[in-house]
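S.K.: One structure, as structure tokens, below. Some questions next.
The values are calculated or read from the model by the stated rules, or taken from the named source; none is laboratory data. Fair warning: this is a prediction, and the values are worked out from it, not measured in the lab. Heads up, the Cβs are rebuilt from the backbone with ideal geometry, glycines too, and the neighbour counts pull from every protein chain shown.
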């Protein structure tokens, strides 16, 4: 009994007890820590700074050519619909150019139809249906080409008529000489008989030699006249042939010229049609219309008669029927861990974070390339976060506005503590082995 009491009050035994308890706690705690290091998942997040913006972005209102302000139809904060006029610039110059090109274009079309009529030798010009003469410019072009065809046809017919008259005169001359030649041919036949008869009588002494010589000279004169008639008739026949050829050549040359002009007119029509389209587009740009339903902001023009330069931003239109999103910039170090559809938490830095219920969203856009901020000399990737409007609506005391600053926490994959501890070591070893391979 005394021995037992001595063992209980022995200090050494008491110390051993507490050492065992401490070791047991240490083992248990170590096991818990090791188990936590190996198996406990920890969430990580990439942090990005951004701001609230409208899906589809603001629309900058600019003018390609610039000009003089004639009318301003809107003011800052005004709601507009698609197609509503915003600003009208003076269109005098553009309208003048448009009318000039339009006149040339319709004249080229009418000319094309006129040349077709000349080539096909039709009595009337068959103008295409688009040349509606109710338009003053078209009516003028049609009248001009109709008159021009009349003038050209009169010139052609006049030249042909001259050739015909020359041919007719040659035919009359030819007929006259043919008749004379026939008479002289008959007289020559009679003289031939007379000369033969006188020659026989002269040999017998019944006719004088003077009579024979007279008949012979008269015969030679008639033969010479017949030869002259033949030469004249040949010349007149040549004139007739030349006149016929001249008429044919006049028609062929007329058609040839018309064909060459037709080809040029076709080229002109193609070129003028393109220029007309450009001029019409330029004239249409004199009135600038709203491209979307939205609200006017940052109106930069206020003076009628003011000068607007090419490409100058006149105002901006913020869409009113689009969703609000968060546009943020992510560092290149975090971009490899991002993917579409990842969840994100949005913190509105304009409000007290402790008074806000969590606002969530998901990644709906990741830029394909980095963007360099020259002022900060930093590069980043642009991402868009689509807000979960249910979480926004729970915060009834807040209101979102485009441009409001926001901080985005993109939730990444879960990793254990061991992953966090070993990852830097593994990267260093990998680099070391690569350096040694070199």
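S.K.: Residues in the stretch 127-134: is at least one farther than 30 Å from residue 380 by Cα, in contact (Cβ under 8 Å) with a residue 40 or more places away in the chain and either over 31 Å from the mean Cα position of the chain (by Cα) or not in a strand (DSSP E or B) (or both)?
M.R.: no
S.K.: Which of the following residues is in the same structural domain as residue 111 (by the TED database), part of a helix (DSSP H, G or I), touching a helix residue (DSSP H, G or I) at 6+ places or on another chain (Cβ under 7 Å) and loosely packed, with under 15 Cβ neighbours inside 10 Å: 155, 199, 141?
M.R.: Only one candidate qualifies: 199.
S.K.: Keeping to the stretch 89-105, report how many residues are farther than 16 Å from residue 281 by Cβ and either touching a residue at least 40 places away in the same chain (Cβ under 8 Å) or in contact with a strand residue (DSSP E or B) (Cβ under 8 Å, 6 or more places away or on another chain) (or both).
M.R.: Residues meeting the conditions: 2.
S.K.: Evaluate the stretch 279-302: report whether one residue or more is in contact (Cβ under 8 Å) with a residue 60 or more places away in the chain, exposed (fewer than 13 other Cβ atoms within 10 Å of the Cβ) and assigned to a loop (DSSP other than H, G, I, E, B).
M.R.: Yes, some residue in the stretch 279-302 is in contact (Cβ under 8 Å) with a residue 60 or more places away in the chain, exposed (fewer than 13 other Cβ atoms within 10 Å of the Cβ) and assigned to a loop (DSSP other than H, G, I, E, B).
S.K.: Please enumerate the residues belonging to the stretch 358-377 that are surrounded by 11 or more Cβ atoms within 10 Å (Cβ to Cβ), more than 35 Å from the chain's Cα centre (by Cα) and farther than 16 Å from residue 47 by Cα.
M.R.: Answer for the stretch 358-377, where residues must be surrounded by 11 or more Cβ atoms within 10 Å (Cβ to Cβ), more than 35 Å from the chain's Cα centre (by Cα) and farther than 16 Å from residue 47 by Cα: there is none.
S.K.: Still on this structure, I have one more. Scan the stretch 347-359 and report the pairs whose first residue is at pLDDT 85 or above and whose second residue is assigned to a helix (DSSP H, G or I), with Cβ atoms within less than 7 Å and a gap of 6+ or a chain change.
M.R.: What qualifies is 347/353; 359/391; 359/392.
S.K.: Being part of a loop (DSSP other than H, G, I, E, B), modelled with pLDDT of 85 or more and over 14 Å from residue 333 (Cα atoms) is the filter here; which residues of the stretch 367-387 pass it?
M.R.: Once the filter is applied, which keeps residues that are part of a loop (DSSP other than H, G, I, E, B), modelled with pLDDT of 85 or more and over 14 Å from residue 333 (Cα atoms), the stretch 367-387 yields 367, 368.
S.K.: OK, next. Which is closer than 19 Å to residue 278 by Cβ, under 31 Å from the mean Cα position of the chain (by Cα), modelled with pLDDT of 90 or more and buried (at least 20 other Cβ atoms within 10 Å of the Cβ), of 108, 94?
M.R.: 108
S.K.: Further, regarding this structure: In this structure, is residue 318 under 33 Å from the mean Cα position of the chain (by Cα) and either under 27 Å from residue 137 (Cβ atoms) or modelled with pLDDT under 90 (or both)?
M.R.: yes
Every residue, every condition in (1) farther than 30 Å from residue 218 by Cβ; (2) in a helix (DSSP H, G or I), yes or no:
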residue	(1), (2)
109	yes, yes
116	yes, yes
123	yes, no
150	yes, yes
169	yes, yes
173	no, yes
176	no, yes
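S.K.: Which of the residues spanning the stretch 73-91 are assigned to a strand (DSSP E or B) and either over 29 Å from the mean Cα position of the chain (by Cα) or crowded, with 19+ Cβ neighbours inside 10 Å (or both)?
M.R.: 79, 80, 86, 87, 89
S.K.: Then there is this: Within the group 283, 264, 272, which residue is in contact with a helix residue (DSSP H, G or I) (Cβ under 9 Å, 6 or more places away or on another chain), modelled with pLDDT of 90 or more and on the phi < 0 side of the Ramachandran plot?
M.R.: The match here is 272.
S.K.: Could you identify the single residue in 339, 245, 333 that is without any contact (Cβ under 8 Å) to a residue 60 or more places away in the chain, in a loop (DSSP other than H, G, I, E, B) and either touching a strand residue (DSSP E or B) at 6+ places or on another chain (Cβ under 9 Å) or over 30 Å from residue 407 (Cβ atoms) (or both)?
M.R.: 339
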